[in-house]
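This report concerns only the one structure given below.
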Amino acid sequence: MRAAAVQLNATDDPDRAQATAERLVREAAARGATLVVLPEKWPALGTTAILRAAAEPLDGPRGRWAAALAQELGIDLVAGSVSEARPGTGRLSNTSVHYGPDGAARATYRKVHLFDVDVDGHRYRESDAEDAGDELVLTHTADGVGVGLSICYDLRFAELYRRLTGAGARVLAVPAAFTLATTRDHWELLLRARAVENQAFVVAANQVGEHPGGARSGGRSMIVDPWGLVLAQVPDGEGVCLADLDLGRQDEVRRTLPALAHGRPGVYAGEVVVR
Ligand SMILES: NC(=O)CC(=O)C(=O)O
């Protein structure tokens, strides 16, 4: 199975972002990818006003575009995330949808951990406009491979990925708009840690460059294998990287270093002895 991570720079212009995403997804499919991941908030990124202006219900133009593209190319498309308008609430969700090769929406995940953080000289307050999801979601490709869905800041919460792995994830999808500063110092470290501790492939698609309002994303989209090795990485700028996910190799890693089987969740759930 060949996977791809798309890296782009979203602004206040969803049509431009869609044209870039389409070019890169088509390139990935032409190079043999059957699982493609887009970044977080791939159509538009910037101020809260920009997110609100670009927000759509999931069956809006961006959702219909993603479904049609997945169907035309015959791929599993984890369409990063979009700002989902939730009519009647005045609020948004940061929502990732997996479209199958038949164009059907197979799974929907809403970001559980909102990024309310001051970093890189910027004040991020996702909760100003967005509501957090409260469900973990494992989806399956058309070939039956378990893919755990997550979004960006979720990457810092190891428990989420452990639960997805326990439910059957072999691949962890991480669409992101990781800040420039945290991409530099934390991104690869966290992606490789999630890969090693879950003995899972990680397909991580990041935004890159500056967005209106001053936020900056660090790029370095990558695909990591269950041993923690970086299989492919996008250079600076917009682009796509691809790698073959060898599920047999993953079985071997899980068999020969059976840390997942050695876990003792019953002990972790107990009280901590404090002296
Ligand atoms: N932008 C995010 O949601 C998260 C991020 O940039 C970080 O955790 O660092």
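The values are calculated or read from the model by the stated rules, or taken from the named source; none is laboratory data. Just so it is clear, the model here is predicted, and its values are computed rather than measured. Glycine gets a Cβ as well: all are built from the backbone with ideal geometry, and neighbour counts include every protein chain shown. Note: accessible area is taken over every heavy atom of the protein model, side chains too, but ligands, DNA and RNA are not part of it. Shrake-Rupley method; radii C 1.70, N 1.55, O 1.52, S 1.80 Å.
Annotations
- Within region 145-167, the set of residues being farther than 27 Å from ALA269 by Cβ and open to solvent by 50 Å² or more (accessible area, probe 1.4 Å) is empty.
The rows are residues; the columns are (1) farther than 25 Å from GLU126 by Cβ; (2) modelled with pLDDT of 95 or more; (3) open to solvent by 10 Å² or more (accessible area, probe 1.4 Å).
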position	(1), (2), (3)
ALA169	no, yes, no
ALA195	yes, yes, no
ALA205	no, yes, no
GLY209	no, yes, yes
GLY228	yes, yes, no
LEU231	yes, yes, yes
GLN250	yes, yes, no
PRO258	yes, yes, yes
ALA261	yes, yes, yes
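- Restricting attention to region 154-184, the residues being near the ligand (Cβ under 9 Å from one of its atoms), out of contact with any Lys or Arg (no Cβ under 9 Å at 6 or more places or on another chain) and acidic (Asp, Glu) number 0.
- Positions within region 185-198 being touching a strand residue (DSSP E or B) at 6+ places or on another chain (Cβ under 6 Å) and within 12 Å of the ligand (Cβ to nearest atom), in sequence order: LEU191
- Just one residue in the set ALA33, ALA53, ALA67 is away from the ligand (no atom under 16 Å from the Cβ) and either under 16 Å from ASP128 (Cα atoms) or more than 18 Å from the chain's Cα centre (by Cα) (or both); that residue is ALA53.
- Some residue of region 62-71 being open to solvent by less than 10 Å² (accessible area, probe 1.4 Å), assigned to a strand (DSSP E or B) and under 22 Å from THR141 (Cα atoms): no
- Qualifying residue in region 114-133 (condition: away from the ligand (no atom under 16 Å from the Cβ) and either more than 18 Å from the chain's Cα centre (by Cα) or of a type in the set (Val, Ile, Thr) (or both)): no
- Of the residues making up region 201-231, those that are in contact (Cβ under 8 Å) with a residue 40 or more places away in the chain, aliphatic (A, V, I, L, M), in a strand (DSSP E or B) and more than 15 Å from ARG170 (Cα to Cα) are ALA205, VAL208, MET222, VAL230.
- Test: residue in region 12-21 that is open to solvent by less than 20 Å² (accessible area, probe 1.4 Å) and closer than 19 Å to SER150 by Cα: no
- Residue within region 27-48 that is among the β-branched types (Val, Ile, Thr), closer than 30 Å to GLY213 by Cα, in a helix (DSSP H, G or I) and out of contact with any His (no Cβ under 8 Å at 6 or more places or on another chain) present: yes
- So GLN250, is it touching a residue at least 12 places away in the same chain (Cβ under 8 Å), touching a Lys or Arg at 6+ places or on another chain (Cβ under 7 Å), more than 22 Å from GLN207 (Cα to Cα) and not acidic (Asp, Glu): yes
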